[in-house]
Structure formats: C-alpha cells, structure tokens
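I have placed the structure first, in the form of structure tokens, so that the comments after it can refer back to it.
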C-alpha cells in the first residue's frame, strides 16, 4: 500500500524517555508533592491517573484520592520541565533506530504525542530532530480537562495531523494500544513497535525495530 505520510508517537517510539521505567517521572511528582506539602499518595495515583484513560475515569479517581486539577497540572509541568532538562543534558536520547529512519523516510512526518504541547517543540529541538518533522501535535497542559479529552486513544490529534499534512493515507507508528486505537478511529493503518518483540493484534503491523518500517512503507 502506498502511504503518503508517517505519524509517530513520541515517547517510547522516537524518544527513549522510559529508560528506567519512568521512575524519574515518579520522583519528580513526589518532589512536587513534598515541596507543596500535599497529602497525596502517589503510589495509588500511579495505578490510574497517569494512564491515558478517559476524562471522566480520571475525574472519578481524582475525587476518590483527593487530588485537584491544579495539583495534577503542577506535577505534570514538573515532569515536562525535567524531561526537557534530561533531553538537553543527553540523559534522554532519540532511539538509534529512530535516527536513521527519520533521515531515510522520504515522506511528510508528523509527531502526535500524549505529552504536553508547550514542551514538545522544545524537546524536538533539544533532540535535534525538529527539522525532520513537518507537524507536531500534543494536548495543552493548561486545561487538564481538555488535555484528557484530546489525548489518544481519541482520534482528534491524528485527524488534525492528517488535515495539516494534506494527506489521507498516512500510517501511525506507536508503542501503546492507545496509539493503535487512535489510528483506527481516524481511519488509517497502524504499526505497533515493541523492541522486546511483543505484538499487538489490533495493529496492522507489529515490528521490533523502526528499521523494519521502510519495508512496510514500500509495500
């Protein structure tokens, strides 16, 4: 099939931010809680609030655990700022297979992330790949309710990428089921990447390295 663009997820696909199982992010949230003397049990929150579920599910969990939107926003801002620092220092890097593929793909490239809009462009610049990306999209952190409504598996950001690129037959590459479902809802094919070799039945393709992607694009 002749694809006319590639849409990538960011964390876990292009950027290796989960190198320690995201313990660095949990530590940053803990620091924010301690600095503000909030009575929040982060061990409980890690089980649900920081996972990409629907807004109403998150709202229910937050009410149960006594967390408000402003607290969640401040925690996530701290995580985003720390991520930028780590990208700048080289502690967070682009996956090696991603570097080569981004150079080799002769198609428009978009990045659609559940990370935070205010920081995504900065991260692309710090990692040295901004010039290779035509369009990037992520939800704003300023309005948590809107953020949760826009994030994958909702197709809104993928659809906006298709419109911005002016294409109809793009393919989405992601490492989470949310990426695959967002692609399906937007009516495009998907590639699931798991560098340990796991597969995803809901995806059109499963790969363990981005080096396999060019062959899919040529089919």
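Report, by residue number, each residue of the stretch 55-70 that is loosely packed, with under 13 Cβ neighbours inside 10 Å and either at pLDDT below 65 or in the same structural domain as residue 176 (by TED's automatic domain parsing) (or both).
Once the filter is applied, which keeps residues that are loosely packed, with under 13 Cβ neighbours inside 10 Å and either at pLDDT below 65 or in the same structural domain as residue 176 (by TED's automatic domain parsing) (or both), the stretch 55-70 yields only 56.
Please give the number of the condition residue 35 fails out of (1) surrounded by 16 or more Cβ atoms within 10 Å (Cβ to Cβ); (2) modelled with pLDDT of 95 or more.
(1)
Within the stretch 127-155, which residues are part of a helix (DSSP H, G or I) and either within 15 Å of residue 9 (Cα to Cα) or touching a helix residue (DSSP H, G or I) at 6+ places or on another chain (Cβ under 7 Å) (or both)?
Once the filter is applied, which keeps residues that are part of a helix (DSSP H, G or I) and either within 15 Å of residue 9 (Cα to Cα) or touching a helix residue (DSSP H, G or I) at 6+ places or on another chain (Cβ under 7 Å) (or both), the stretch 127-155 yields 130, 132, 144, 145, 148, 149, 150.
Go through (1) under 15 Å from the mean Cα position of the chain (by Cα); (2) farther than 23 Å from residue 190 by Cβ and name the single condition residue 130 misses.
That leaves (1) as the condition not met.
State yes or no: is residue 40 modelled with pLDDT of 95 or more, within 23 Å of residue 148 (Cβ to Cβ) and crowded, with 16+ Cβ neighbours inside 10 Å?
Against the criterion (modelled with pLDDT of 95 or more, within 23 Å of residue 148 (Cβ to Cβ) and crowded, with 16+ Cβ neighbours inside 10 Å), residue 40 does not qualify.
With the condition kept exactly as written, say whether any residue in the stretch 201-217 is outside any helix (DSSP H, G or I) and closer than 29 Å to residue 85 by Cβ.
Yes, the conditions are met somewhere in the stretch 201-217.
Quick one: which residue in 102, 26 is farther than 15 Å from residue 124 by Cα and either modelled with pLDDT under 85 or surrounded by 14 or more Cβ atoms within 10 Å (Cβ to Cβ) (or both)?
On inspection, the qualifying residue turns out to be 26.
Could you please find all residues in the stretch 183-198 being in a helix (DSSP H, G or I) and touching a strand residue (DSSP E or B) at 6+ places or on another chain (Cβ under 6 Å)?
183
Does residue 188 fit the bill of being closer than 19 Å to residue 138 by Cβ and free of Cβ contacts under 8 Å to residues at least 60 places away in the same chain?
no
Might you let me know whether the stretch 174-182 holds any residue that is part of a strand (DSSP E or B), crowded, with 18+ Cβ neighbours inside 10 Å and in contact with a strand residue (DSSP E or B) (Cβ under 9 Å, 6 or more places away or on another chain)?
Checked the stretch 174-182: at least one residue is part of a strand (DSSP E or B), crowded, with 18+ Cβ neighbours inside 10 Å and in contact with a strand residue (DSSP E or B) (Cβ under 9 Å, 6 or more places away or on another chain).
Which of the residues spanning the stretch 106-126 are outside any helix (DSSP H, G or I), touching a residue at least 60 places away in the same chain (Cβ under 8 Å) and crowded, with 18+ Cβ neighbours inside 10 Å?
108, 109, 110, 111, 112, 113, 114, 115
From 215, 200, which residue is without any contact (Cβ under 8 Å) to a residue 40 or more places away in the chain and either over 19 Å from the mean Cα position of the chain (by Cα) or not assigned by TED's automatic domain parsing to the domain that holds residue 136 (or both)?
215
The values are calculated or read from the model by the stated rules, or taken from the named source; none is laboratory data. Just so we're clear, the structure is a prediction, and the values are computed from it rather than from any experiment. Heads up, the Cβs are rebuilt from the backbone with ideal geometry, glycines too, and the neighbour counts pull from every protein chain shown.
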